Amino acid sequence: MAAGKAYFGSATDNPELADTVYVNGLSNTADFGQITPGNAMKWDTIEPSRGTFSYTNGDAIVSLAQKNGQKLRCHTLVWYSQLPNWVKSGGFDNATLISIMKNHITNEVTHYKGKCLHWDVANEALNEDGTYRSNVFYDTIGPAYLPIAFATAAAADPEARLYYNDYNIESAGSKSTGAQNIVKLIKQYGAKIDGVGFQSHFIVGSTPSESAQTSNMNAFVSLGVEVAITELDIRTTTPSTASAIAQQAKDYAATIGACKAVSKCVGVTIWDYTDKYSWIPSVFSGQGAALPWDENIQKKLDIYNAILNAWGSAPSGATTTANVATSAAATTSAKPTTTSTSGTVAKWGQCGGIGWLGGTVCESGSTCTKSNDYYSQCI
């Protein structure tokens, strides 16, 4: 249900891949065109001891995405958390830690070269006031660890889109300004940065408005980067009430609507799709019910439909997708059409037996060219 964006996706993790019902839902490309590995590519999993790399967990998720024809957001290379003690407490000097960081990035990005649409290169580098978070990389290397990390990732896979990813940067404020300064810093060093990810771990009733999120996204876009919603969930006190669900639907709609409104917001990822595997109850006592599918892996129709409506462009007669149907079954359905602002009818094309593109308006009589998995350019 990507609505003309590059994807709508979900995070996942290796333990739940043993749940057949869950995997079937995750593999339904009418709902999910992208997967993010929640933990399988983090430093403590990939390089638990110095120079020893383990890709088994990450490879399992890559294989699932490839089997399903889903895009992959790869997450994350440099983060203060889930960092093995040999890095955190190694007492390395500046030059040695730079070498360790560059070796880790180069090894991992090279291993997954050509498979990752995006890389979250650096994660959560800021305090709430927008200053740099104290961590082994900042404390040893200084802020230059960020452009060094981005430059190293770019050298290892020039085609991957490189992102800075953080939370509480979704509306204007000191932390958002701090994240914008990171973009400027990386660019000033001459390193490549393509995007900023908004984690969007929100609370029912406290989610920023659509206009606030849209304005904030555009502040980043003005710096020459794209944006994405990377870890969306909206938690509430459990058990959830009818009024909370109604507000939650509005909060999801506001967030999806903001991405829809910003041309360079490329997609949305929810942080796993079912409450059965949400991280929230284990971290926030008494909180949860944050995702569009419940603990029984059933759609919460109020939330699900709010997401679809926020995309605002479901083809006539569509019941389960918001503009792009990417299941095999969709390829046998009637070809939808849409109309451009000038009144001409768009041409729609089929791509690789996967589905029908929505969201792009072509002039009458023109053809659409293939871009990745979808026809997205009019010529």
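Selection within region 79-88: residues that are of a type outside the set (A, V, I, L, M, F, W, C) and more than 14 Å from Ser134 (Cα to Cα). The member of this set that is surrounded by the most Cβ atoms within 10 Å (Cβ to Cβ) is Pro84.
Go through the residues of region 265-288 one by one and say whether even a single one is modelled with pLDDT of 95 or more, of a type in the set (Val, Ile, Thr) and over 17 Å from the mean Cα position of the chain (by Cα). Taking every residue of region 265-288 in turn, at least one turns out to be modelled with pLDDT of 95 or more, of a type in the set (Val, Ile, Thr) and over 17 Å from the mean Cα position of the chain (by Cα).
For region 187-230, residues that are assigned to a loop (DSSP other than H, G, I, E, B), over 23 Å from Ser243 (Cβ atoms) and open to solvent by 40 Å² or more (accessible area, probe 1.4 Å) total 6.
Selection of region 238-284 for residues being among the aromatic types (Phe, Trp, Tyr) and surrounded by 24 or more Cβ atoms within 10 Å (Cβ to Cβ) yields Tyr252, Tyr273.
Considering the conditions (1) in contact with a Pro (Cβ under 7 Å, 6 or more places away or on another chain); (2) touching a residue at least 60 places away in the same chain (Cβ under 8 Å), Leu77 is excluded by exactly one of them, (1).
Residues considered: Thr29, Thr76. Of these, the only one that is outside any loop (DSSP other than H, G, I, E, B), crowded, with 18+ Cβ neighbours inside 10 Å and among the hydroxyl-bearing types (Ser, Thr, Tyr) is Thr76.
Filtered by the rule that a residue be on the phi < 0 side of the Ramachandran plot and hydroxyl-bearing (Ser, Thr, Tyr), region 190-225 gives Ser206, Thr207, Ser209, Ser211, Thr214, Ser215, Ser222. Considering only residues in region 100-114 that are surrounded by 17 or more Cβ atoms within 10 Å (Cβ to Cβ) and touching a helix residue (DSSP H, G or I) at 6+ places or on another chain (Cβ under 6 Å), the one that is nearest to Thr56 (Cα to Cα) turns out to be Glu108.
When region 157-179 is filtered for residues that are touching a strand residue (DSSP E or B) at 6+ places or on another chain (Cβ under 8 Å) and among the polar types (S, T, N, Q), only Asn165 remains.
Only one of the numbered conditions (1) surrounded by fewer than 18 Cβ atoms within 10 Å (Cβ to Cβ); (2) closer than 30 Å to Thr20 by Cβ; (3) at pLDDT 95 or above is not met by Ser333, and that is (3).
Quick check: anything in region 285-302 part of a helix (DSSP H, G or I), open to solvent by less than 40 Å² (accessible area, probe 1.4 Å) and in contact (Cβ under 8 Å) with a residue 40 or more places away in the chain? No; the residues of region 285-302 include none that is part of a helix (DSSP H, G or I), open to solvent by less than 40 Å² (accessible area, probe 1.4 Å) and in contact (Cβ under 8 Å) with a residue 40 or more places away in the chain.
If only residues of region 1-26 that are part of a helix (DSSP H, G or I) and of a type in the set (A, V, I, L, M, F, W, C) are counted, the one that is nearest to the chain's Cα centre (by Cα) is Leu26.
Select from region 12-32 the residues that are aliphatic (A, V, I, L, M) and touching a helix residue (DSSP H, G or I) at 6+ places or on another chain (Cβ under 8 Å) and write down the one among them that is farthest from Asn68 (Cα to Cα). It comes out as Leu17. Across region 110-169, what is the number of residues that are free of Cβ contacts under 8 Å to residues at least 40 places away in the same chain, under 18 Å from Asp194 (Cα atoms) and in a helix (DSSP H, G or I)? Here the count works out to 1.
The values are calculated or read from the model by the stated rules, or taken from the named source; none is laboratory data. What you see is a predicted model; the values in this text were computed from it and never measured. All Cβ positions, glycine included, derive from the backbone under ideal geometry; neighbour counts span all protein chains shown. Side chains are part of the model used for accessible areas, which takes the heavy atoms of the whole protein and leaves out ligands, DNA and RNA. Shrake-Rupley method; radii C 1.70, N 1.55, O 1.52, S 1.80 Å.
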